[in-house]
Amino acid sequence: MPIVVVVGGQWGDEGKGRIVDLLARKARVVARYSAGNNAGHTIVNERGEFKLHLVPAGIFYPEKTCVIGNGVAVDPEVLLGEIGSLQDKGIDTSRLVISDRASVIMPWHRLIDQLDEQLRGDAAIGTTGKGVGPCFVDKVARRGIRIGDLLRADDLAPRIKSALDYQNRVITGVYGAEPIDAGGCCERYLEYGQRLAPFVADVQALVLDAHRRGEYVLLEGAQGSLLDLDHGTYPYVTSSVPSSSSSGAALGVGIGPTDIQRVVGVFKSYCTRVGNGPFPTELFDETAGRLRDHGKEYGRGEYGTTTGRPRRIGWLDAVAARYSVRFNGLSAVALTRLDVLDEMPSIKICTAYELDGEIIEALPARQSVLERVRPVYEELPGWMTPTTDVRNFDDLPPQAQAFIRRVEDLLECPVDLISVGPAREQAVIVNPIF
Ligand code: GDP
Ligand code: IMO
Ligand code: MG
């Protein structure tokens, strides 16, 4: 049975949580493999509406094992809070498993995230401020603290001491801020370790054993591929190691690339971005406001799940999306929020860029160039009919069908799943993913 990766195809918030919640029905294991609580995944199902930052979106099914892989940066306080609030709502969290190799976000990571953004000034990345980037910097610098270190004072105390000796020099010397007081830090994180200990297990064995028993495994990506450290709009990207794109999935749970059979890319029917950085199809007019505030009265407008920031809005960028299809090796596209276009009299898709009078069809690597490109649009008629109750492709308005077919052509990838609303059942399954 396949191991399937679900990955964001744009700049995040494409509806990955919603798609994982739908696909998890058939899976035995659902695993997060990258990033941290910079992610915010919304799930709307018969239990209510939930915003998950670390716990995988499979947690609402009673019999699934939900895994936080070695590739994830875990803020123990946030994770324990999330477990607690799920339990308060009657969700069983006993099937949660955490890798002892996962990285830990420490107080200095949150502080440095904020100080570093201040230092960058006008060139700030616009991070979520959760300490995720600095945590991965320490992982790569071999100065990180891992979940396994929280389980024993003998391991934790010297690691905290040497990390803080270094970080306080950075905090005072580079950023000119007050040093962090280590007092109580070790005890507090040991206590988190004790509370998380029942969840800690060998994630690699768990994933591979399920696979070998013939059960489905779903690997849940965070962020979007255009925020990828290597392939995204650098330097306005996220710092996850492993990457949140499909290449990071195997690494982030400890399996090999040949164990993965399918990769599903989630794309919105238009584009959004939070934080700074180039966004060729960004809109500043009344259309942006209409798309952003669709569903706002139900708390479902385009406002960040993690930070509440208004999301920047633009038309679908097929140049960037096709690039994302290619470097993720996508087998299928899941197209979300089609219903948000229901009241648009016409819909644009960016099919190429214009750069200094020339037409280009590839995403430039350099930020200074990407900031200068102008979108070349194709305009399609809208359908001006509600799609939220449609469940079969043939029942979609012809203009919506034409839009989807054009997306497939431009992205060079089949659209196997269409989402027409936030709730689990509001989907059109064109070809079953598994
Ligand atoms: P994620 O980070 O990729 O999981 O996405 P977010 O949860 O941050 O943002 C996606 C938003 O779109 C959430 O509010 C979802 O409930 C909502 N959503 C997902 N799919 C659809 C859809 O097809 N239609 C509508 N109207 N909302 C959707
Ligand atoms: P989900 O999983 C949207 C963005 C931030 C910022 C950049 C770097 O919900 O799709 P970071 O805090 O990671 O150092 O910020 O990345 N970003 C996201 N944008 N959705 C996310 O996650 C994001 N995670 C990070 O806004 O631009
Ligand atoms: Mg999100």
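The values are calculated or read from the model by the stated rules, or taken from the named source; none is laboratory data. Treat the numbers as computed from the prediction; the structure is a model and nothing was measured. Positions of Cβ are generated from backbone atoms using ideal geometry, with glycine treated the same way; all protein chains shown enter the neighbour counts. SASA here: full protein model, heavy atoms, side chains in, ligands and nucleic acids out. Shrake-Rupley method; radii C 1.70, N 1.55, O 1.52, S 1.80 Å.
Taking every DSSP helix (H) stretch of at least 4 residues in the chain, weighting each as -39,500 (n - 2.57) and dividing the sum by the residue count yields a mean residue ellipticity at 222 nm of -9000 deg cm²/dmol.
Using 26 Å as the Cα-Cα cut-off, could you pick out the over-long pairs in Lys16/Lys64; Lys64/Lys139; Lys51/Lys268? Checking Cα-Cα distances, Lys64/Lys139 exceed 26 Å.
Ranking Ser162, Ser419 from most to least accessible surface, computed with a 1.4 Å probe over the protein chains only, gives Ser162, Ser419. Comparing mean-square fluctuations of Thr172, Thr128, Thr385 from a GNM of the chain with C-alpha springs under 10 Å, the top value falls on Thr172. In the chain, the longest principal axis of the Cα atoms and the axis of helix 318-328 are about 50 degrees apart. Based on C-alpha pairs under 8 angstrom that are at least 6 apart in sequence, segment 7-151 has a relative contact order of 20 percent. Choose one of Val5, Val390, Gly289: the residue whose Cα lies farthest towards the positive end of the charge dipole of the chain (beta-carbon charges +1 Lys, Arg; -1 Asp, Glu; about the Cα centre). The listed residue farthest towards the positive side: Val5.
Taken along the Cα-to-beta-carbon direction at a fixed 7 Å, the label points for Arg391 and Glu77 span 4.6 nm. Short-range pairs are left out: with C-alpha atoms under 8 Å and at least six residues apart, the relative contact order of segment 212-300 is 17 percent. The order of Arg213, Arg195 by accessible area, most exposed first and with a 1.4 Å probe, is Arg213, Arg195. With the highest mean first, a sort of the peptides 50-58, 287-295 on other beta-carbon atoms found within 10 angstrom per residue produces 50-58, 287-295. Remark on Val430: its backbone amide H falls under 5 Å from those of Leu417, Ile418, a criterion applied only to residues 5 or more positions apart or on other chains, H modelled at 1.01 Å from N. Each residue of segment 54-63 was assigned a 3J(HN,Hα) from its phi angle through the Karplus curve 6.51 cos²θ - 1.76 cosθ + 1.60 (θ = phi - 60°); the sequence is 10, 6, x, 6, x, 5, 7, 8, x, 10 Hz, with glycine and proline shown as x.
Relative to the longest principal axis of the Cα atoms of the chain, the long axis of helix 398-411 lies at roughly 60 degrees. Axis angle, to the nearest 10 degrees, between helix 185-196 and the longest C-alpha principal axis of the chain: 60 degrees.
Computed over the chain, relative contact order equals 20 percent, with contacts defined as Cα pairs under 8 Å that lie 6+ residues apart. Take every DSSP beta bridge whose two residues both sit in the chain; close to 40 percent of them are antiparallel.
For segment 161-171, backbone phi angles converted through the Karplus equation (6.51, -1.76, 1.60; θ = phi - 60°) give residue-by-residue couplings of 4, 6, 5, 6, 4, 6, 5, 5, 5, 5, 4 Hz, Gly and Pro being listed as x. Accessible area per residue was computed with a 1.4 Å probe on protein heavy atoms; Arg143 scores about 60 Å².
In the distance distribution for the chain, Cα-Cα pairs more than 29 Å apart total 45 percent. Centre-to-centre, using Cα atoms only, segment 240-276 and segment 97-163 are separated by 22 Å. Shape summary: segment 208-356 maps onto an equivalent ellipsoid whose semi-axes, from the alpha-carbon gyration tensor, are 30, 18, 15 Å in decreasing order.
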